[in-house]
Amino acid sequence: LGDRDATTREKMKGTKEQEIDMDVTLLGDRDAVKDVVSSADVICTTTNTTNPLFDGSWVKPGCHLNGVGSYTESMEEIPSHFIGKRCQVVIDTPEAIHVGDLKCISETSENYVGLLGDVMAGNAHLTNDGSHCGGDMYDCSFFKSVGTA
């Protein structure tokens, strides 16, 4: 959980822990964030940051990531180099390929799967076998939404 203001962060943490009965980790606590990211099966980011929220090397194989917050070329919630090297990528609209999270891939990249609608219609497919493409192993999946899925 993050906010630019430390007081607001702490207040939100206490509120959320009571509302949803779960532990909340603050982004300012690097060691705690690393522990959470490295054990997560699913990671959802919903910020408008221009800097990645965590180090991509912390993400365990098999993790699925949803990037929802960034929507411009300068915004990058999840490290673009991590996505380019380790993720099969599905997007909600053609415009999503141009956001900062995806600056290391294009529609012709081997790890670009396609549009969510094509995946749902069976016209594009993710693999779950840690496929090798161009020497890289894509052991994670990434869905990028810019708000129209």
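The values are calculated or read from the model by the stated rules, or taken from the named source; none is laboratory data. The structure presented is a predicted model; accordingly, all values stated were derived computationally and were not measured. Here the Cβ positions follow ideal geometry from the backbone for every residue, glycine too, while neighbour counts run over all protein chains shown. For accessibility, only protein heavy atoms count, side chains too; no ligands or nucleic acids. Shrake-Rupley method; radii C 1.70, N 1.55, O 1.52, S 1.80 Å.
Quick notes on this structure:
- Accessible area of Met137 in the full protein assembly, 1.4 Å probe (Å², nearest 10): 90
- DSSP beta bridge pairing in the chain, given as percent antiparallel to the nearest 5: 10
- Within-12-Å neighbourhood charge of Asp101 [Cβ basis; K, R +1; D, E -1]: -1
- The distance between label points at Thr15 and Ala124 comes to 3.7 nm (points 7 Å beyond Cα on the Cα→Cβ vector).
- If you sort the three axes of the alpha carbon gyration tensor as a ≥ b ≥ c, you get a/c under 1.5 for the stretch 19-69, which makes it rounded.
- Across the chain, C-alpha contacts under 8 Å between residues 6 or more apart give a mean separation that, scaled by the residue count, equals a relative contact order of 21 percent.
- Annotation: extensible slack from Ala40 through Thr25 equals 4.1 nm (criterion: 0.36 nm per residue apart, minus Cα-Cα distance).
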